[in-house]
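One structure below.
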Amino acid sequence: MKEKTGHKIKHKRVCLKLREARIERNVSLTELSKKTKINKEHLLALEECRFDDLPFANIYKKNFIKAYCKALNICGDDCCRQFDEEEIVKNPYISPKNKKTHTPNILHNLPLFLRFGILMGIASIFIGYLGLQVKHILEPPKLTIYTPEEGFITDTNTVIVQGKTEKESEVSINGTNIKHNDDGRFKEAIDVSDGVNTITITAKKKHGKITSDTRHVIVRKEETTN
């Protein structure tokens, strides 16, 4: 049995419904970011249905949706349920398999000097590639920290440190090594104390090159009144 035309909004993906709700309430992404304490780029990825661009597990993505809905005073449970159905259970957005293509050999039809020029060009590309590989070895590793943001304020004594580095690099937080997955992403829960905490994340290549990033986290407990 088909839905009535008036219920057509139910067929919109949850990301589009969230964006429409924000626009209807005349709330900017900057304002929403302040209310939810969620990075503006992550909110934009959420609205554009780019869930794979959010560097978090599904549970964290659902928490983003709940915070988004709470800030706009709409039902977060319904949106999370729709997210489960669309993005986790059904997931109909599957990229097609790569198709093999056939490239005809046309070099034998070209003059000798053109063939020589093409071969020299290929050799130059190969040499350039080797140069990039050597440069990659000599440069410090890339390190991107997603959470926590600098100056992050919380009322709990546990903080999630999440980021990405190069897969061959070693990662440590305040001098303690942690593991990362095959593409260099890592996530670690660390204990913090009341007040200002300094968290130093370090990525180190096998050849000794190091990149560090320091974040300050403030634990501020709310005072209870009788």
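Every read-out reported here was derived from the displayed coordinates using simple, explicitly stated rules and does not represent laboratory data. None of these values were measured; they are calculated from a predicted model. Counting neighbours? That spans all protein chains shown, and the Cβs are built from the backbone with ideal geometry, glycine included.
For the reader, a short list of remarks on this structure follows.
- Cα gyration tensor shape for region 8-90, rounded if a/c is under 1.5, else prolate or oblate: oblate
- Highest average packing first - 118-127, 12-21, 46-55, Cβ atoms within 10 Å: 12-21, 46-55, 118-127
- The residues R220, R22, when put in order of fewest to most other Cβ atoms within 10 Å, stand as R220, R22.
- Calculated from the alpha-carbon coordinates, region 143-219 shows an Rg and a Dmax of 12.3, 40 Å respectively.
- Charge dipole of region 143-219 about the Cα centre (unit charges at C-beta), most positive-ward option of I190, V219, A203: A203
- Remark: E222, E24, E166 ranked as E222, E24, E166, counting other beta-carbon atoms within 10 Å and listing the fewest first.
- Kirkwood-type radius of region 180-226, with distances r between different C-alpha atoms, in Å: 13.7
- Among the listed pairs K35/K142; K35/K167; K62/K187; K12/K34; K12/K164; K34/K209, those whose Cα-Cα separation exceeds 29 Å are K35/K142; K35/K167; K12/K164; K34/K209.
- Put a dot 7 Å past the Cα of Y129, heading toward its Cβ, do the same for T144, and the two dots end up 2.5 nm apart.
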